[in-house]
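Notes follow once the structure below has been shown.
We did not get these values from a lab; they are worked out from the coordinates using the rules stated. Just so you know, these numbers come straight off a predicted model, no measurement behind them. Ideal geometry is used to build each Cβ from the backbone, glycine not excepted, and the neighbour counts take in all protein chains shown.
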Ligand code: FAD
């Protein structure tokens, strides 16, 4: 048993809370998307919420955790799915959001503290002519550290691939969990050691990431009489190398019916494409609309929409926000995470649509995977039983579609195509010898100390 009173006393002036309601609230994420995980994780809670304000305070907390053998689970915005930031074994929930400073921006390279929110980063760097290359649809809540350690890709991945692609993370500064914590600077491909490891391989305090020149963007909803044309248009726009774009998402009817603020603009029964295209690509976009029979039904400035709390940037209807928009009205649905093989992607998308009908509703995003254009999909599933959900995922895999199961919480069981290459378990032995970092998530790890 850990003596939490003594632990808290040793924290000195580092802010903490032991209020059980507050600690439990900060011990959740979006695990409840999964009807399978919900009952398993509903009661999970940490013991102490600790909010360091500097790297020096992070080091003091890490050392105390090593001394007391206290589990430590890092929390950014808490928007992860499948219980990534949920402390299965209790212990310290380490809120990293006070480490939120932009350190420097030089020649398109950003050095930033890991707890910085991504919309705050863009707001600070865009006036200097640079913007994030890539962010999740949770940009307005999520941190850059949470994205690199828990996410996979998102808006921007149509041009730059996912976070796992070479070059998307330049450097990471990591604090180890030992009696005398060390600081390790990872560079280049070494960053794979912390990329999407759910905070099991060190506390990331700083990141260095490549930026893109800031552009004026347009947010667009394009309506199509049939799904096949919407998908072909999406693929044509995504592969148009002369058009700068950040997002191409195809959403089958009836899903758009749940996008409340867009109702007046939408054409009932029609699938839509949501796209974010640079102003310089608008001529080409109009040409493609003509070619594939698409009608632009809604347009806005996404940067303005993002900055105004009352408006919704269109990316908040895409990626895993599509599921959220449906869940707001209908709690009986859940979702899949899948990646279609390049080359056969559209053919397989159609085959799965025909095979599953209303039970699995198609919603897909185009992206580069290992340099090749394809689409991932977060299909919305009408949930009946866990067995049926597994059957659906198995059938997708049998057809050559990769599934990253979002209904399990361990790294090993969850994602095949999302796993980042590299010896992450070996690195964990180096930085977390007592096995205190987010225990239970890297289930094959056996503590070495
Ligand atoms: P958290 O949820 O706080 O943490 C995520 C994981 O990273 C946890 O395991 C945590 O322990 C670890 N972690 C956090 N900070 C650190 C750190 N400093 N050092 C070490 N480990 C750390 N994901 C995508 O990739 N793309 C999407 O488009 C996307 N859309 C989403 C839409 C919705 C509606 C929801 C609910 C989720 C979505 N996600 C998406 C998942 C999630 O929002 C993103 O991965 C997001 O970047 C997580 O950031 P966060 O700050 O909320 O991380």
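Whole angstrom only: what separates the Cα centroid of the stretch 433-449 from the Cα centroid of the stretch 127-199?
21 Å
Full-extension gain between residue 283 and residue 109, please, as 0.36 nm times their residue separation minus the C-alpha to C-alpha distance.
Once the chain is fully extended between residue 283 and residue 109, it gains 59.5 nm.
For the chain, what is the calculated [θ] at 222 nm in deg cm²/dmol (nearest 500), taking -39500 (n - 2.57) for each run of four or more DSSP H residues and dividing by its residue count?
-7500 deg cm²/dmol
Rounding to the nearest 10 and keeping the result within 0 to 90°, find how far the Cα-based axis of helix 386-398 lies from the longest principal axis of the chain.
Computed tilt is about 70 degrees.
Provide 149, 191, 289, 65 in ascending order of the number of other Cβ atoms located within 10 Å of each residue's Cβ, fewest first.
289, 191, 65, 149
Take the alpha carbon atoms of the stretch 229-270, find their center, do the same for the stretch 330-404, and report the distance between the two centers in whole angstrom.
17 Å
Rounded to the nearest 5, what % of DSSP beta bridges with both residues in the stretch 38-170 are antiparallel?
Given both bridge residues lie in the stretch 38-170, the antiparallel proportion sits at roughly 45 percent.
Hey, fewest Cβ within 10 Å first, where do 57, 124 land in order?
Fewest-to-most ranking of 57, 124: 124, 57.
The stretch 1-73 to the stretch 200-218: how many Å between their Cα centroids?
Using only Cα atoms to place each centre, the spacing works out to 26 Å.
Calculate how steeply helix 345-356 sits against the longest principal axis of the alpha-carbon atoms of the chain, using the helix alpha-carbon long axis, and give the answer as 0 to 90 degrees to the nearest 10.
Helix 345-356 sits roughly 90 degrees off the main axis of the chain.
Assuming R0 = 51 Å, what is the FRET efficiency of residue 102 and residue 226, from their Cβ-Cβ distance, to the nearest 0.05?
0.65
When ranked by the protection proxy of mean other Cβ atoms within 10 Å per residue, highest first, what sequence do the peptides 337-346, 361-370, 297-306 form?
Sorting 337-346, 361-370, 297-306 by mean packing, highest first, produces 361-370, 337-346, 297-306.
Can you tell me how the stretch 71-170 classifies by the Cα gyration tensor, rounded, prolate or oblate, using a/c under 1.5 as the rounded cut?
Prolate is the answer for the stretch 71-170, as a/c is 1.5 or above and a/b outweighs b/c.
Restricting to bridges with both residues inside the stretch 4-95, how much of the DSSP beta-bridge set is antiparallel, in percent to the nearest 5?
Looking only at bridges with both residues in the stretch 4-95, the antiparallel portion is about 20 percent.
I need 311, 205 ordered by Cβ neighbour count within 10 Å, fewest first.
Result, fewest neighbours first: 311, 205.
Any idea what angle helix 55-68 forms with the longest principal axis of the chain, computed on alpha-carbon atoms, 0 to 90 degrees, nearest 10?
For helix 55-68, the angle is close to 60 degrees.
With a cut-off of 12 Å, note down the residues of the stretch 37-68 whose backbone N falls inside the zone around a label point 7 Å from the Cα of residue 2 toward its beta carbon.
45-50, 61-68
In nanometres, what is the gap between the two model label sites at residue 53 and residue 355, each 7 Å from Cα along Cα-to-Cβ?
The two pseudo-label positions are separated by 5.6 nm.
Name all residues of the stretch 25-66 having a backbone nitrogen under 11 Å from the label point set 7 Å from the Cα of residue 128 along its Cα→Cβ direction, giving them as ranges.
Those under the cut-off are none; the list is empty.
Quickly work out the residue 10-to-residue 265 label distance, labels modelled 7 Å from Cα along the C-beta direction, and quote it in nm with one decimal.
5.5 nm
Please give, to one decimal in nm, the separation of the simple spin-label points placed at residue 301 and residue 384, each 7 Å out from Cα toward the Cβ.
The two pseudo-label positions are separated by 5.0 nm.
Counting only DSSP beta bridges with both residues in the chain, tell me the antiparallel percent, nearest 5.
Looking only at bridges with both residues in the chain, the antiparallel portion is about 90 percent.
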